[in-house]
1. How do PHE61, PHE46, PHE85 rank when sorted from fewest to most other Cβ atoms within 10 Å of their own Cβ?
2. Can you give the extra length, in nm with one decimal, that the chain gains between TYR126 and LYS67 once fully stretched, where that is 0.36 nm per residue apart less the Cα-Cα distance?
3. Among the aspartates and glutamates, select those whose C-alpha is under 16 Å from the C-alpha of LYS62, and discard any that sit fewer than 8 residues away in the same chain.
4. Note the full-extension length gain between ALA38 and LYS109 as 0.36 nm times their separation in residues minus their Cα-Cα distance, in nm to one decimal.
5. If we count other beta carbons within 10 Å of each Cβ, what is the order of SER88, SER48, SER94, fewest first?
6. Please report the antiparallel percentage of the DSSP beta bridges confined to region 28-130, to the nearest 5.
7. Using the number of other C-beta atoms within 10 angstrom as an exposure proxy, rank LEU97, LEU74, LEU103 with the fewest first.
8. Describe numerically, in nm with one decimal, the distance between label points set 7 Å from Cα along Cα→Cβ at ALA117 and at ILE6.
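Just so it is clear, none of the values below were taken in a lab; they were calculated from the coordinates. Note that the coordinates shown come from a computational prediction; the quantities given were computed from them, not determined experimentally. For neighbour counting, all protein chains shown are included, and Cβ atoms are generated from backbone atoms with ideal geometry for every residue, glycine included.
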Amino acid sequence: MKKNLIAVLLIFAVPIIAYMALTKSTATTAQTTDAAAANKPQVIKFTSAMCLDCQKMNEIFKEIFPKYEGKIILTEIPVQDGTSFTNSQIEKYSVTLVPTIILLDATGKQVKRIEGAIEKAEMDNYLKGLE
């Protein structure tokens with residue numbers, strides 16, 4: 001009986017603990033997208049810890065974004081955190097899937113919307129055009 005109870009607890013507890021660990025580790029401090037722009041272009045990246053395409057885009061951003069540091073503001077919004085800020089941004093930009101990447105010019109006008117994963121070279125070209 002004890003073995004069955006332990007097995008059932010492990011079946012349910014391990015995935016829940018793993019999910020909580022993943023969502024905590026990828027959560028970043030979200031900036032307010034309206035005030036943070038400071039007359040610079042901005043990239044708003046809606047992501048999720050459980051999304052394979054999001055993980056691919058995170059790797060691409062780790063590789064190419066350092067050369068745009070200081071020129072373009074990057075805001076990462078983990079959709080699963082459930083804060084009022086996140087929910088308002090999801091509603092504001094009508095995000096229905098992840099990853100969704102919104103490119104804003106220096107005036108805050110949306111110039112490009114990317115839904116799903118894209119190749120590194122293509123993302124790099126979009127960022128070059130945003131500078």
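1. PHE85, PHE61, PHE46
2. Length difference between fully extended and current span is 19.9 nm.
3. Straight-line reach from LYS62, under 16 Å: ASP53, GLU76, GLU119, GLU122, ASP124.
4. Numbers: separation 71, 0.36 × 71 = 25.56 nm, distance 1.32 nm.
Full extension from ALA38 to LYS109 adds 24.2 nm.
5. Details: SER88 12, SER48 20, SER94 8.
In increasing order of surrounding Cβ atoms, one gets SER94, SER88, SER48.
6. Bridges in region 28-130 are about 60 percent antiparallel.
7. Listing LEU97, LEU74, LEU103 from fewest to most nearby Cβ atoms yields LEU97, LEU74, LEU103.
8. It works out to 3.8 nm between the two label points.
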